[in-house]
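The values are calculated or read from the model by the stated rules, or taken from the named source; none is laboratory data. This is a predicted model, so every value here is computed, not measured. Here Cβ is always computed from backbone atoms with ideal geometry, including for glycine, and neighbour counts include all displayed protein chains.
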Amino acid sequence: MIEQAIPFLYLAAAASFILALKWLSAVSTARRGVIVGIAGMALAVGGTLLRPEIVSYRWIGAAFVAGTVIGVPMALMPMTAVPQRTALSHAFGALAAALVGTAEFYLRAPRIDRVTMGALALEVLLGFLTFTASLMAFGKLQEILPTRPITWRLQNVVNLSLLGLAAGSGVYLVARPEASWLFPVFAGLSLLFGVLLIVPIGGADMPTVISLLNSYAGLSAAAMGFVLDNKLLIVAGALDGSSGLILSVIMCRAMNRSFTNVLFGAFGKVREEDRAAGERRPVRSATAEEAAGILQAAGLVIVVPGYGMAVAQAQHKVRELYDVLTKAGVEVKFAIHPVAGRMPGHMNVLLAEADIPYDRLVEMEEVNSEFPQADVALVLGANDVTNPAARHDRTSPIFGMPILDVDKARTVMVVKRSMNPGFAGIENELYYLDRTLMVFGDAKAVVGSIVRELSGGGGH
């Protein structure tokens, strides 16, 4: 009886995953999508625990305890650390798939058919490379490792050769599964390739990298489903892999770049000529008090959040600014660039945490036409996504990347700690325009000072 219920639990779980993806695609229904996704995973785990193949729950219980010990601190990480947490989640998921594949190989070899071995080889290859690549991405996002690209001579030749060796080892194992001595070599090459894949990639490309690694982890899980003859794993992995791939395509389009350029282009090198020029060129600056006066006299303010807001954990102060300006009769909107921050949807998550109304968040394609009518464009730590060089400077690494047209607003105010370049490592032309005012300082502190000035300064 219980065994007969398992397929229905799996079916309900698969349906939940599909609905979760649908609802997660919109900010207004994202919370519902998360809840349904959690419920689907609970059904999937519950159905699996009821399988008759399980004769002992001792090691499963130990794994639950270990997962809880690791997972609870991860869940308590601040919202600003969502990119790092996502990278770690990809790493653990991919490692689980790779370890399952490793165990299945040693349990079944050499009596394993070629179709199953092919799926197993793909599972292990994607799992191990995603594991180390995700750890490297975490290190860059956490700034444990340098965020700039680390390149070397013939790096692409080395990386592609390493990938070729790993793939070749996998193909040989498919043909000769009895060659168990080769499996550790195959696994080691996959692990090493994951490291070398991420080292040359700069921090500016992390949103795309995270979504791509999500795709790899999903495909590894789908391959694991074929190995274990588990239809739910195939469905869930395919959904995860395809959604990650689609998101990666969206990210690349948002930056007007290709996958190969992201993976092998070493985007993010600081140009020394830019650094030197930035040291020489003057900028116009303003105090928080002056910024408050300009905002108070505005009719339309478009706020452009970026990673600087995330680092400062300023989203709640931004909500206070929104409230005080709205109360004074100022219309406030938030311009969202697809790759602002360090992961897809980073700004949406932070602003939602601060209870900014969903209808105030406007995507790049819609908001760009409104900047010419805006009295003030308030840029909070957004760098590369506001750089006008993307439109005209063919020598710039970001040339052709769609940007937020903040330079078309009547006044541009940029809240930034210093003149240091962003993740792309290039100077932002926006800072030197006549209509731009630089307000130097921590975003949380600066916005808090502006709110205090506005609160004590009377009405609109």
Is it the case that some residue within the range 411-434 is assigned to a helix (DSSP H, G or I), under 23 Å from GLU331 (Cα atoms) and charged (D, E, K, R)?
-> no
Would you point out the residue of the range 294-310, among those that are in a helix (DSSP H, G or I) and in contact with a Leu (Cβ under 9 Å, 6 or more places away or on another chain), that is surrounded by the most Cβ atoms within 10 Å (Cβ to Cβ)?
-> MET309
Which of the residues belonging to the range 1-17 are within 17 Å of SER243 (Cα to Cα) and either out of contact with any Gly (no Cβ under 9 Å at 6 or more places or on another chain) or of a type outside the set (A, V, I, L, M) (or both)?
-> SER16, PHE17
What's the number of the condition ARG360 fails, among (1) touching a residue at least 40 places away in the same chain (Cβ under 8 Å); (2) in contact with a strand residue (DSSP E or B) (Cβ under 9 Å, 6 or more places away or on another chain); (3) under 29 Å from LEU24 (Cβ atoms)?
-> (1)
Can you confirm whether the range 192-204 contains a residue that is within 17 Å of LEU120 (Cα to Cα), crowded, with 19+ Cβ neighbours inside 10 Å and touching a residue at least 60 places away in the same chain (Cβ under 8 Å)?
-> no
Answer yes or no: is there a residue in the range 118-130 that is touching a residue at least 40 places away in the same chain (Cβ under 8 Å), more than 23 Å from ALA13 (Cα to Cα) and within 16 Å of the chain's Cα centre (by Cα).
-> yes
Which condition breaks for VAL385 when tested against (1) modelled with pLDDT of 85 or more; (2) part of a loop (DSSP other than H, G, I, E, B); (3) not small (Gly, Ala, Ser)?
-> (2)
Examine the range 125-144 for a residue that is surrounded by fewer than 17 Cβ atoms within 10 Å (Cβ to Cβ), more than 22 Å from ALA222 (Cα to Cα) and aliphatic (A, V, I, L, M), and state whether such a residue exists.
-> yes
Within the range 217-237, is there a residue that is farther than 30 Å from LEU50 by Cβ, of a type in the set (S, T, N, Q) and in contact (Cβ under 8 Å) with a residue 12 or more places away in the chain?
-> no
So which helices (runs of 4 or more DSSP H) are wholly in the range 1-107 and hold at least 2 residues that are crowded, with 17+ Cβ neighbours inside 10 Å?
-> 2-24, 30-49
ALA223, sole failed condition from (1) surrounded by fewer than 24 Cβ atoms within 10 Å (Cβ to Cβ); (2) at pLDDT 90 or above = (1)
Report yes if some residue within the range 379-397 is within 17 Å of ILE294 (Cα to Cα) and either of a type outside the set (A, V, I, L, M) or in contact with a helix residue (DSSP H, G or I) (Cβ under 7 Å, 6 or more places away or on another chain) (or both); otherwise report no.
-> yes
Which residue out of ARG452, ARG391 is among the basic types (Lys, Arg) and under 26 Å from the mean Cα position of the chain (by Cα)?
-> ARG391
Selected residue (only one of GLU366, GLU429 is among the charged types (D, E, K, R), touching an Asp or Glu at 6+ places or on another chain (Cβ under 9 Å) and at pLDDT 90 or above) = GLU429
When (1) modelled with pLDDT of 90 or more; (2) among the β-branched types (Val, Ile, Thr); (3) under 28 Å from the mean Cα position of the chain (by Cα) are applied to THR436, the one that fails is (3)
Taking LEU380 as meeting all but one of (1) surrounded by 23 or more Cβ atoms within 10 Å (Cβ to Cβ); (2) within 30 Å of THR29 (Cβ to Cβ); (3) without any contact (Cβ under 8 Å) to a residue 60 or more places away in the chain, write down the number of the exception.
-> (3)
Residue, nearest to the chain's Cα centre (by Cα), within the range 311-367, restricted to residues that are buried (at least 22 other Cβ atoms within 10 Å of the Cβ) and assigned to a strand (DSSP E or B) = ILE336
Within the range 149-179, how many residues turn out to be surrounded by fewer than 17 Cβ atoms within 10 Å (Cβ to Cβ) and within 24 Å of ILE112 (Cα to Cα)?
-> 9
Given the residues GLY37, GLY33, GLY93, GLY101, which is the only one that is in the same structural domain as VAL195 (by TED's automatic domain parsing) and closer than 24 Å to ILE250 by Cβ?
-> GLY93
Closer than 17 Å to LEU212 by Cβ, assigned by TED's automatic domain parsing to the domain that holds VAL227 and touching a residue at least 12 places away in the same chain (Cβ under 8 Å), is that true of LEU165?
-> no
From the residues in the range 387-417 that are closer than 17 Å to HIS337 by Cα and charged (D, E, K, R), which one is surrounded by the most Cβ atoms within 10 Å (Cβ to Cβ)?
-> ASP405
